[in-house]
Ligand code: HEM
């Protein structure tokens, strides 16, 4: 199924690349919002298809951003989970409006796609044709087989979009920031891109198989700046964490992905520095595999891992082959604000130059 999404990844990466032309020759700028919009387009198109008959892009990003703000508020100040109290917060009305817009938009797509399915349209088998078989059509097939309700289709589509937008846009932004700070690694990546894909053609899965340095640069940014900084679990049995410390069965606990991935015990004395060589085959073979877990591990790990890796790789290849990114900011000086996803107190600005 994911191979069918490559055309969407490529198209949106091309559009992002065009949008960046406006920044060439300008002072260093905050590019996070244009990365977020691009990843939002990819998430909505892979989930629901391109657009309704208006031909316009969907712009649900502001609505999801309001909902995520409310979610963080309700996690950090749980009393706002009580509707009666939340009503007095200034996010209440915007959230209500945002939820209505999201529901209305997704339900409109459900109707359009259901009609197409009933007319036997859009059922192309992507394995052979490589055409995108969007999520909503797959979920609607389950609805036709009475395995899903329409509300299930809504919830599944919504979950995919929420899971995809902040994480992938943070990851692409942070990878480009790390490469902008370390232009020597950016040039090494550029050389790999030009060796494997000398012409600006559609990027395929096969191309990506021959680009180990691309994977190394992305992994290293996911290590130092993991978009999701922690995960939570419940102990299925008692276990020991230190000589004198035990976690009892049934306890709920948090695992800091951020701290494990910067721990000198696993990553050596230069654990805080960006160096894609940390992911050379030799170094990976010598390290505890659980020291790197940006998508978490186990049965509840990220379901969008491969989707995200492909989207990030296609986007990075398209951008680095056309532009050189630089920055005056330093990774070591960034003030990180842990939220549901990673945020910076001041977003590092990036300068864009045509190659
Ligand atoms: C660089 C991008 C991404 C990162 C770093 C990331 C990371 C994570 C992490 C750490 C978790 C928690 C898993 C756990 O607690 O064990 C998670 C869960 C999840 N992710 Fe992602 N994710 C990314 C992209 C995506 C994308 C693109 C999608 C959808 C296509 C997605 C959908 C989900 C969903 C639905 C869950 C919940 C899984 C469950 O609870 O069973 N993620 N992700």
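Take the range 118-163 and flag every residue that is surrounded by 12 or more Cβ atoms within 10 Å (Cβ to Cβ), part of a loop (DSSP other than H, G, I, E, B) and modelled with pLDDT of 90 or more.
Answer for the range 118-163, where residues must be surrounded by 12 or more Cβ atoms within 10 Å (Cβ to Cβ), part of a loop (DSSP other than H, G, I, E, B) and modelled with pLDDT of 90 or more: just 148.
Read through the list (1) in contact (Cβ under 8 Å) with a residue 24 or more places away in the chain; (2) within 19 Å of residue 316 (Cα to Cα); (3) touching a helix residue (DSSP H, G or I) at 6+ places or on another chain (Cβ under 7 Å), then give the number of the only condition that residue 67 fails.
So the condition that residue 67 fails would be (2).
Please name all residue pairs, on different chains or six or more residues apart, with Cβ atoms under 8 Å, provided the first residue is in the range 297-311 and is without any contact (Cβ under 8 Å) to a residue 24 or more places away in the chain and the second residue is part of a helix (DSSP H, G or I) and more than 6 Å from the ligand (Cβ to nearest atom).
297/290
Considering 194, 216, 229, which residue is in contact with a helix residue (DSSP H, G or I) (Cβ under 9 Å, 6 or more places away or on another chain) and surrounded by fewer than 19 Cβ atoms within 10 Å (Cβ to Cβ)?
Values: 216 fails: surrounded by fewer than 19 Cβ atoms within 10 Å (Cβ to Cβ); 229 fails: surrounded by fewer than 19 Cβ atoms within 10 Å (Cβ to Cβ).
Of 194, 216, 229, the one residue that is in contact with a helix residue (DSSP H, G or I) (Cβ under 9 Å, 6 or more places away or on another chain) and surrounded by fewer than 19 Cβ atoms within 10 Å (Cβ to Cβ) is 194.
Taking only the range 147-190 into account, find how many residues are more than 9 Å from the ligand (Cβ to nearest atom) and free of Cβ contacts under 8 Å to residues at least 12 places away in the same chain.
Residues meeting the conditions: 7.
For the range 31-49, indicate whether the set of residues that are touching a strand residue (DSSP E or B) at 6+ places or on another chain (Cβ under 8 Å) and either modelled with pLDDT under 90 or on the phi < 0 side of the Ramachandran plot (or both) is non-empty.
Residues of the range 31-49 that are touching a strand residue (DSSP E or B) at 6+ places or on another chain (Cβ under 8 Å), as a first pass: 31.
Okay, now just the ones that are also either modelled with pLDDT under 90 or on the phi < 0 side of the Ramachandran plot (or both), so 31.
For the range 31-49, residues touching a strand residue (DSSP E or B) at 6+ places or on another chain (Cβ under 8 Å) and either modelled with pLDDT under 90 or on the phi < 0 side of the Ramachandran plot (or both): present.
Select from the range 268-283 the residues that are assigned to a helix (DSSP H, G or I) and either touching a strand residue (DSSP E or B) at 6+ places or on another chain (Cβ under 7 Å) or exposed (fewer than 14 other Cβ atoms within 10 Å of the Cβ) (or both) and list them in ascending order.
At the first step, the residues of the range 268-283 found to be assigned to a helix (DSSP H, G or I) are 276-279, 281-283.
Across the range 268-283, the qualifying residues are 277, 281, 282.
Checking residue 171 against (1) in contact with a strand residue (DSSP E or B) (Cβ under 7 Å, 6 or more places away or on another chain); (2) surrounded by 24 or more Cβ atoms within 10 Å (Cβ to Cβ), which test does it fail?
With respect to (1) in contact with a strand residue (DSSP E or B) (Cβ under 7 Å, 6 or more places away or on another chain); (2) surrounded by 24 or more Cβ atoms within 10 Å (Cβ to Cβ), residue 171 is out only on (1).
Show me the helices (runs of 4 or more DSSP H) found entirely inside the range 178-256 where at least 1 residues are more than 19 Å from the chain's Cα centre (by Cα) and over 26 Å from residue 1 (Cβ atoms). Spell out the reasoning first.
Working: elements: 183-196, 205-209, 212-224.
Hits in the range 178-256: 183-196, 212-224.
Search the range 60-80 for residues being surrounded by fewer than 13 Cβ atoms within 10 Å (Cβ to Cβ) and more than 16 Å from the ligand (Cβ to nearest atom), and hand back the single one that is modelled with the highest pLDDT.
Restricting attention to the range 60-80, the residues satisfying the condition of being surrounded by fewer than 13 Cβ atoms within 10 Å (Cβ to Cβ) are 62, 75-79.
Subset that is more than 16 Å from the ligand (Cβ to nearest atom): 62, 76-79.
Numbers: 62: 86, 76: 85, 77: 91, 78: 92, 79: 95.
Among them, the one singled out is 79.
Would you check which residues across the range 286-328 are surrounded by 18 or more Cβ atoms within 10 Å (Cβ to Cβ), more than 13 Å from the ligand (Cβ to nearest atom) and within 20 Å of residue 224 (Cα to Cα) and list them?
Result: 325, 327.
The values are calculated or read from the model by the stated rules, or taken from the named source; none is laboratory data. None of these values were measured; they are calculated from a predicted model. All Cβ positions, glycine included, derive from the backbone under ideal geometry; neighbour counts span all protein chains shown.
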